Each structure stands twice: as structure tokens, then as C-alpha cells.
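Here the structure is laid out as C-alpha cells; the discussion comes afterwards.
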Amino acid sequence: MQNQEPINNTEQDLNQNQTENLSNEDSIEADELKQVHNKVQEYHDSWLRAKAELENARRRNLEDLEKMRKFCIENFAESLLSVMDSLQAAANDNSGSLETIKQGIDLTLKQLQSAFDKHKIISINPIDEILNPAYHQAVSMAPSEKPLNTVLEIVQKGYTISDRLMRPALVVVSSGSTA
């Protein structure tokens, strides 16, 4: 019977080692699972923060756009205040002098042109150019020795602002034949 005892001890040792190994493997798997869970939680938290930052940035951009829409004309309006002052002064002038009125109109036009220049509002002057439908609108044709569709006269000035069309020039163009 002495032979069986060591075998039983060995079996017990093996069983205990297997149990310890399984327990160690379970512990390692549990540790790995916990690490993975922590990483997932960390990524989720980072994602939530990034999502909140993106939402805040979007909200700030919308607020900035709204402010820009509301106040974008403010600089231009300030430029026009001196023009308004000059027009009011001319309207209140009781001198009756045509020369004074003419000087006032000239000064007012210079102030208005200065405001236009400051804000890149450029008049379209297409005289002797070929009609460009992107910037000109022909309102009539007139006989001329100039080539067909050459701008002869500006009925109403057109304007661009920073190279963007505000209003096309209304023009008279050549019909290409003399009458």
C-alpha cells in the first residue's frame, strides 16, 4: 500500500497544480479582460469628450455666423455716415447758391466713392467691350460701325463687390450695321 500513497500524492499534486494553473489562467484572463474593459472605457470617455468638443465648436461657429450676419454691414454703414451727413447738410442749405450746392454734391460723391473703394465696390464700365452676359444686360440695340454686341452706352451702371456681381450694367449694344 505504500506504493499507492505516493501515486495519490502525485495525483493530488497534479490536480492541485491543474487547479492552480486553471486558477492562474482564469486570473490572467480576468486581468486581461479588466485591462480591455478599462481601455474600452477610456476610448469611450475620449469619444464622448471629442463629441462634446465637436458639438461645442459647432455651436460656437453657428453663434459666430449669426453675429457675422448681424453685424457684417456695420463697417459699410459707418462709411456711409459721412455721406448721410453731407446730404443732410445740403438739404438744410438755404443759401440758394447753385455753386454751393454743386460743391456739396461733388463732395458727397467723393465720400460715397471713398466708401465704395474701401469696401471693394467697383462700378462696371464696359464701353467698347463685347457684351458679357455675366456682367452686362443689353436693354436695346443701336446701329453702329462697331462690331455686333459691342457696348455703346451704359443706361445704368453695374457693380461688383470683391469680384462678385451685385448688379449687372444695363447697356445699349451695337447691332453691327449702320442705318
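Quick note: the coordinates plus some simple rules give every number you see, no bench work behind them. Computed from a predicted structure; not experimentally measured. Here the Cβ is made from the backbone with ideal geometry for all residues, glycine too, and neighbour counts use every protein chain on show.
Between Thr100 and Gln156, the FRET efficiency from the beta-carbon distance, with R0 = 45 Å, is close to 0.95.
In region 122-179, the ratio of gyration radius to Kirkwood radius, Rg to Rh, stands at 1.01 when only Cα atoms are counted. Can you give the Rg/Rh ratio of region 51-121, where Rg is from the C-alpha atoms and Rh is the Kirkwood radius? Across region 51-121, the Cα-based Rg/Rh ratio is 1.35.
Over the C-alpha trace of the chain, radius of gyration and Dmax come out as 42.4, 143 angstrom.
In plain terms, the residue of Phe76, Phe71 with the fewest other Cβ atoms within 10 Å comes first and the most crowded comes last, giving Phe71, Phe76.
The residues Val172, Val36, when put in order of fewest to most other Cβ atoms within 10 Å, stand as Val36, Val172.
Cβ under 12 Å from Ala57's Cβ, Ala57 left aside: what net charge do those residues give with Lys, Arg +1 and Asp, Glu -1? It works out to a net charge of 0. When the chain is treated as a GNM with alpha-carbon contacts under 10 Å, the residue of Asp45, Asp26, Asp128 showing the greatest mean-square fluctuation is Asp26.
Estimated at 0.36 nm per residue, the fully extended path between Ala50 and Gln137 surpasses their Cα-Cα distance by 26.1 nm. With a Förster radius of 22 Å applied to the C-beta separation of Ala89 and Lys118, the computed FRET efficiency comes to 0.55.
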